[in-house]
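Down below is the structure, laid out as structure tokens.
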Amino acid sequence: MSLPPTTPDQITVSDPTRWFSEEVEPHAPALKGYIRRTFPRLHDVDDVVQESYLRLWRRRAEEPVRSVRAFLFAVAQHIAIDGLRRSRRCPIEGVPSLAALPVADDSPSVPERLGDDEKIALLVAAIDALPSRCRDVVVLRKLQLLSQRETAERLGISEKGVENQLARGLERCRRWLRSHGAEHHLPDGR
């Protein structure tokens, strides 16, 4: 005795995992190819695909999606365009780690360097934990030593916004360091 064939609507209701693997995942190669061809300057293709999946999943929770493929491609296109717009507005290039930035080396002694390396690693981790806007402001103001006006122009925000983000960023760094037992490593100067 064979089971009656299932329709996509029945799959949607009965098993979301099965729905995803049968109705969504097969579109992944075509979706990635489309994004790469249409938006060659976009570096985070996998992020766009994952965000598209997430938005599809949320929409599916609200109402049935008639065409998964059409929805995925339309959403991916919007996400990619938004990403490119953001990258034009914020000309700061992301770095995988702040530790990779070039830093002047005054060559302290080996024992001093070990302590300094640990302090730098803690500060880098605290800065990495900041939200992106706060991190950009802290890096520009405190590491690249740009003025408040230069930072505001570079990020396309007001000087007051720079001031607020810097204060939030430094406070969050202090809290992060405190929670990791290292609050004395943050310089007192604002």
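Data overview
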| read-out | value |
| --- | --- |
| Qualifying residue in region 133-146 (condition: at pLDDT below 75, in a loop (DSSP other than H, G, I, E, B) and in contact with a helix residue (DSSP H, G or I) (Cβ under 9 Å, 6 or more places away or on another chain)) | no |
| Residue among 86, 66 that alone is modelled with pLDDT of 65 or more and not in a helix (DSSP H, G or I) | 66 |
| Test: residue in region 151-165 that is acidic (Asp, Glu) and farther than 19 Å from residue 88 by Cβ | yes |
| Tally, over region 29-58, of residues that are over 22 Å from the mean Cα position of the chain (by Cα) and either among the charged types (D, E, K, R) or in a loop (DSSP other than H, G, I, E, B) (or both) | 1 |
| Residue match in region 3-16 (condition: part of a helix (DSSP H, G or I), out of contact with any Leu (no Cβ under 8 Å at 6 or more places or on another chain), modelled with pLDDT under 85 and among the hydroxyl-bearing types (Ser, Thr, Tyr)) | yes |
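The values are calculated or read from the model by the stated rules, or taken from the named source; none is laboratory data. Predicted, not measured: the structure shown is a model, and the values here were computed from it. Here Cβ is always computed from backbone atoms with ideal geometry, including for glycine, and neighbour counts include all displayed protein chains.
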